[in-house]
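First comes the structure, then the notes that go with it.
The values are calculated or read from the model by the stated rules, or taken from the named source; none is laboratory data. Fair warning: this is a prediction, and the values are worked out from it, not measured in the lab. Cβ coordinates were reconstructed from backbone atoms using ideal geometry, including for glycine residues, and neighbour counts include every protein chain displayed.
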Amino acid sequence: MEIFDNDLNAEIIGFGALNVDKLYSVESIAGADEESFIKSETVTPGGSAANTIIGLSRLGCSTSLIGKIAEDDEGDLIEYNLAVNGVYSNNLIYSESGSTGKCLGFVDENGERCLYIDPGVNDDIKIGEINPLNIMRCKIMHYTSFVGDSFKTQIELLESLKDDVILSFDPGMLYVKKGFDELKPILERCNILLINESELRLLFDNNESSLKELAIGLLDFGIETVVIKQGAKGVFAINSSKECFVESYECDVVDTTGAGDSFNSGFLYSFLRGYDLEKSCKIGNWVASKSIEGFGMEKFPSLKDLEEFF
């Protein structure tokens, strides 16, 4: 079953995997032949695109999400979570078989993590399941990664995007490992690249050049804005007219899962509102700092929180 509603016009639409995150708080993250123990468990809906889109909805943007779920408990949880956070359901795709995606995450006492993905029906999205009428009037389309073949559907969908639609892209390590050539169709259409330092260096197989040199290479390729997330250090961003480095905010770290996704929410919210590059990065950093003070999306700030702080 598919839900289409042409009356719901989202400003920002995400396209990425939908997962239920099962996060385990552990004493330490075990390596090969090591043991640790689980202190507590948290079950929360997740997925990079979903995290960013829900964050944008909490900041007052109209949002929707292209993603696929199965008719199981995890799918019901994801659908409910999107609904209570005000995300339009008109681009959700429902599979009558298979299972909804899952992510098993282990988080240590410093907030560091490791993740294991069971993609489920995420990797079975076909272009014919997406109603092009539902994406005609969005202002920003935000791409994140899939494990398998839905990557090809993302490439196919590029032909349906109007020229004035901004494409933002957070490839994540899964896509970066594909290499520059395989990502090229998306990068050629990309307006805003949101990437972390490790991913950027792997994408270019370059640990020697400065971040600015690598970012300028992407500007020369045709990407309008490059944002490089550096975790606790902050963020470096550059476009054709400006560059900036913005330090991160101090906070009490509980779980870094989704920190980059929440930064994306703050940055894209700011971009949509016409803020300059530096202010957009400041808001992105602040949103990320609030979100990592809890598990999942429990501490993600509202528009009221943002307005009070800034």
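The table below gives the values:
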| item | result |
| --- | --- |
| Among (1) surrounded by fewer than 17 Cβ atoms within 10 Å (Cβ to Cβ); (2) of a type outside the set (Lys, Arg); (3) more than 30 Å from Lys184 (Cβ to Cβ); (4) in contact with a Leu (Cβ under 7 Å, 6 or more places away or on another chain), the one test that Ser240 misses | (3) |
| Some residue of the range 245-254 being under 30 Å from Ser25 (Cβ atoms), buried (at least 16 other Cβ atoms within 10 Å of the Cβ) and out of contact with any helix residue (DSSP H, G or I) (no Cβ under 9 Å at 6 or more places or on another chain) | yes |
| Residue within the range 73-90 that is among the β-branched types (Val, Ile, Thr), more than 20 Å from Asp118 (Cα to Cα) and free of Cβ contacts under 8 Å to residues at least 24 places away in the same chain present | yes |
| Residue in the range 288-305 that is at pLDDT 85 or above, of a type in the set (Lys, Arg) and more than 25 Å from Arg113 (Cα to Cα) present | yes |
| Listing of strands (runs of 3 or more DSSP E) fully contained in the range 14-87 that carry 3 or more residues being surrounded by fewer than 14 Cβ atoms within 10 Å (Cβ to Cβ) | 38-46 |
| Residue tally, condition within 26 Å of Asp76 (Cβ to Cβ), in a helix (DSSP H, G or I) and either of a type in the set (Ser, Thr, Tyr) or without any contact (Cβ under 8 Å) to a residue 60 or more places away in the chain (or both), over the range 128-163 | 3 |
| First in the range 226-242 and closer than 13 Å to Ser280 by Cβ, second anywhere and basic (Lys, Arg), Cβ under 7 Å, 6 or more apart | Val235/Lys229; Ile238/Lys212 |
| Residue check for Asp73: within 21 Å of the chain's Cα centre (by Cα) and among the acidic types (Asp, Glu) | no |
| Filter pass, Lys233 being of a type in the set (D, E, K, R) and in contact with a Leu (Cβ under 9 Å, 6 or more places away or on another chain) | no |
| Any chance Leu193 is surrounded by 14 or more Cβ atoms within 10 Å (Cβ to Cβ), touching a helix residue (DSSP H, G or I) at 6+ places or on another chain (Cβ under 8 Å) and outside any helix (DSSP H, G or I) | yes |
